[in-house]
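Reviewing the structure listed below.
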Amino acid sequence: TQLLEQSPQFLSIQEGENLTVYCNSSSVFSSLQWYRQEPGEGPVLLVTVVTGGEVKKLKRLTFQFGDARKDSSLHITAAQPGDTGLYLCAGADQRGSQGNLIFGKGTKLSVKP
Amino acid sequence: GAGVSQSPSNKVTEKGKDVELRCDPISGHTALYWYRQSLGQGLEFLIYFQGNSAPDKSGLPSDRFSAERTGGSVSTLTIQRTQQEDSAVYLCASSSRSFSGNTIYFGEGSWLTVV
C-alpha cells in the first residue's frame with residue numbers, strides 16, 4: 001500500500017514567519033499535487049509537479065519535487081493569515097488507476113495576525 | 001454555479017438506513033471521482049468514472065457502497081445499511097479528462113453523520 005506521510009500535522013505560527021511542510025513516501029510517484037482546503041469546502045489545487053527536482057513558485061509559495069520523485073515540500077515565505085488552512089499533498093501512481101490519487105493526511109496551518 | 005455541486009450538504013441518518021449522495025460535475029467534464037474524508041484523515045479514494053469506460057471501483061470499502069453515473073453526467077453514491085464508521089465528508093470531483101495534466105475540481109462535500 002502506498003502511503004504519503006505529511007509533517008508536521010499541525011502548525012501554528014505568527015504572521016510574517018516562514019514555514020515548510022513535508023510530504024514523504026517510500027514509493028515513486030509520476031506526479032505530485034498540493035491542495036489547500038478551507039473548512040466546509042473541497043480541496044483546491046495549488047500546483048502539480050511532475051519532474052524529479054522540479055521547483056515551482058506561486059507567489060510566496062515554493063513547491064519542490066524530490067529528485068527520486070518520492071517526496072515533496074511546500075515552503076511559505078512571510079506567511080499571512082489568509083494562508084490558514086489544511087494543506088494536502090497527493091501523489092499519482094502511473095501504474096494505477098488514473099483516478100486514484102494517494103492523499104496525505106494533511107497539515108493544518110494556522111497563521112495568527 | 002459553474003462548479004461541482006453536491007447534495008445534500010449535510011445528512012444525519014440512523015444506523016442501518018440507506019443514503020444517497022448526489023454529484024453534479026462541471027458541464028463537459030468526462031472524469032468524475034468520489035473520495036471520502038474522515039476526521040483527521042486524508043482523502044480516501046472510492047471510485048472513478050471516465051467517459052464510457054468501466055468505472056474503477058477499487059476504493060469502495062465494502063459491498064454496501066455503490067455508485068453510478070447516468071448519461072455521463074450526474075453521479076449518485078449509495079451507502080446501504082449505514083454504519084457509524086461511514087460518518088465522513090464525501091467529496092466529489094471532476095476533470096476534463098483524467099487528472100494527469102488536468103485540474104481536478106472538488107465540490108464542497110456531503111457531510112454524513114450516522115447516529
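The values are calculated or read from the model by the stated rules, or taken from the named source; none is laboratory data. Here the structure is a predicted model, which means the values were calculated and not measured. Neighbour counts are summed over all protein chains in view; Cβ atoms, including those assigned to glycine, are modelled from backbone coordinates with ideal geometry. Calculation scope for accessible area: heavy atoms of the full protein, side chains included, ligands and nucleic acids excluded. Shrake-Rupley method; radii C 1.70, N 1.55, O 1.52, S 1.80 Å.
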(message) Quick check on A:Q2: is it at pLDDT below 90 and either in contact with a Lys or Arg (Cβ under 7 Å, 6 or more places away or on another chain) or open to solvent by less than 40 Å² (accessible area, probe 1.4 Å) (or both)?
(response) yes
(request) Would you check which residues across region A:12-59 are at pLDDT 95 or above, surrounded by fewer than 19 Cβ atoms within 10 Å (Cβ to Cβ), in contact with a Ser or Thr (Cβ under 6 Å, 6 or more places away or on another chain) and not polar (S, T, N, Q) and list them? (result) A:Y22
(request) Identify, by number, the condition in (1) on the phi < 0 side of the Ramachandran plot; (2) facing chain A (nearest Cβ under 9 Å) that B:L46 doesn't meet. (result) (2)
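Would you call B:K17 farther than 17 Å from B:E108 by Cα and either touching a His at 6+ places or on another chain (Cβ under 7 Å) or open to solvent by 30 Å² or more (accessible area, probe 1.4 Å) (or both)?
When the stated conditions are applied, B:K17 passes them.
Evaluate the following for B:S96: is it away from chain A (no Cβ under 13 Å), open to solvent by 30 Å² or more (accessible area, probe 1.4 Å), hydroxyl-bearing (S, T, Y) and over 23 Å from A:E38 (Cβ atoms)?
In short, no.
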(message) Only one of B:D18, B:D56, B:D63 is touching a residue at least 40 places away in the same chain (Cβ under 8 Å), among the charged types (D, E, K, R) and over 23 Å from A:G106 (Cβ atoms). Can you tell me which?
(response) B:D18
(request) Could you please give the count of residues in region B:55-82 that are open to solvent by 50 Å² or more (accessible area, probe 1.4 Å) and over 23 Å from B:S27 (Cβ atoms)? (result) 7
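Quick one: in region B:21-43, of everything that is surrounded by fewer than 17 Cβ atoms within 10 Å (Cβ to Cβ) and more than 8 Å from chain A (Cβ to nearest Cβ), which residue is nearest to the chain's Cα centre (by Cα)?
Out of the qualifying residues, it is B:R22.
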